[in-house]
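Okay, structure first, notes after.
The values are calculated or read from the model by the stated rules, or taken from the named source; none is laboratory data. Treat the numbers as computed from the prediction; the structure is a model and nothing was measured. Heads up, the Cβs are rebuilt from the backbone with ideal geometry, glycines too, and the neighbour counts pull from every protein chain shown. The accessibility values were calculated without ligands, DNA or RNA, using every heavy atom of the protein model including side chains. Shrake-Rupley method; radii C 1.70, N 1.55, O 1.52, S 1.80 Å.
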Amino acid sequence: MSLRDFHIVFVTASILCSIGFGWWAVNQHALLHGWAYLTTALVSFLVAGGLVIYEVLFIKKIKE
């Protein structure tokens, strides 16, 4: 596996982990009504969105 392929796999795994953590935080907020969980979920989903944008731009760059 090349470094480029590993980078894509690692970023994809990071996106999935961030979404999963955000989902967990949303569920915790529903159970415990803590604002920290809601804030954590929001930040986690924003990070996932940023990673998606980064990965799309990275894939475009390596295709050039």
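Just checking, how many residues over region 29-54 are buried (at least 17 other Cβ atoms within 10 Å of the Cβ) and not aromatic (Phe, Trp, Tyr)? Residues in region 29-54 being buried (at least 17 other Cβ atoms within 10 Å of the Cβ) and not aromatic (Phe, Trp, Tyr): 7 in total.
Scanning region 55-64 for residues that are in contact (Cβ under 8 Å) with a residue 12 or more places away in the chain and either of a type in the set (Lys, Arg) or open to solvent by less than 40 Å² (accessible area, probe 1.4 Å) (or both) yields one hit, Glu55.
Looking across region 1-19 at every residue that is more than 15 Å from Gly50 (Cα to Cα) and assigned to a helix (DSSP H, G or I), the one that is least open to solvent (accessible area, probe 1.4 Å) is identified as His7.
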